[in-house]
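Colleague: One structure coming up, written as structure tokens, with questions to follow.
The values are calculated or read from the model by the stated rules, or taken from the named source; none is laboratory data. What you are looking at is a predicted structure, and each value in this text was computed from that prediction instead of being measured. As a convention, Cβ positions derive from the backbone with ideal geometry for all residues, glycine included, and neighbour counts pool all protein chains shown.
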Amino acid sequence: MDFNAVTLALFLAGGLRLCVPVLLAALGETVSERAGVFTIGLEGLMLFGASASALGLAVSGSPVTALAAGMLGGLLAAAVLALGTVFARANQIVMGIGFNLFAVGATSLIRQIWLADAPAAGSMRAVSMLKLPWL
């Protein structure tokens, strides 16, 4: 494969496009750390949201339903993490690391059980064509 200027530009553009979700999560984590909350389980929250979104797309076939399922999955996972740190008074660091490990295992299990025999998932391209006038 020739590694010329076009290939380098495409590689850098792809890397920038793929790192945007992680950068947005890091920005949110920076804001919450300024408030004194250490959300170490942020990657686990992202995994649960992505898994719920994939499950929603496989079940309904609708990209909008998949986005709603992803938001709901992330919200429920964040509620579990918050309940563990606030009401159970668990250490935020220990709870976050444990939650990340749990998320990796749980989302892998969800994929093996519910998404292994799912038909080919639909495309999310319809979401990019969705026009929201207030945004």
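Each row is one residue, and each column tells you yes or no for (1) surrounded by 11 or more Cβ atoms within 10 Å (Cβ to Cβ); (2) touching a residue at least 24 places away in the same chain (Cβ under 8 Å); (3) within 12 Å of the chain's Cα centre (by Cα); (4) more than 30 Å from Q92 (Cβ to Cβ).
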| position | (1), (2), (3), (4) |
| --- | --- |
| F3 | no, no, no, yes |
| L18 | no, no, no, no |
| L27 | no, no, no, no |
| T30 | no, no, no, no |
| V37 | yes, yes, no, no |
| G49 | yes, yes, yes, no |
| S53 | yes, no, yes, no |
| L75 | yes, no, yes, no |
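Colleague: Taking the stated definitions as given, is A88 more than 27 Å from I113 (Cα to Cα), among the hydrophobic types (A, V, I, L, M, F, W, C) and outside the structural domain of I113 (by TED's automatic domain parsing)?
Modeller: No; evaluated as a whole, the condition is false for this residue.
Colleague: Evaluate the following for L109: is it of a type outside the set (F, W, Y) and surrounded by fewer than 16 Cβ atoms within 10 Å (Cβ to Cβ)?
Modeller: Yes: the conditions hold for L109.
Colleague: Hey, any hits in region 60-71 for a residue that's surrounded by 14 or more Cβ atoms within 10 Å (Cβ to Cβ) and over 25 Å from K131 (Cβ atoms)?
Modeller: Looking through region 60-71, none of the residues is surrounded by 14 or more Cβ atoms within 10 Å (Cβ to Cβ) and over 25 Å from K131 (Cβ atoms).
Colleague: Next up: Tally time: how many residues in region 105-129 are under 19 Å from G56 (Cβ atoms) and either assigned to a helix (DSSP H, G or I) or at pLDDT 85 or above (or both)?
Modeller: Within region 105-129, residues that are under 19 Å from G56 (Cβ atoms) and either assigned to a helix (DSSP H, G or I) or at pLDDT 85 or above (or both) number 13.
Colleague: Taking the criterion of being at pLDDT below 90, within 23 Å of A77 (Cβ to Cβ) and among the small types (G, A, S), would at least one residue in region 4-21 satisfy it?
Modeller: The answer is no, given that none of the residues of region 4-21 is at pLDDT below 90, within 23 Å of A77 (Cβ to Cβ) and among the small types (G, A, S).
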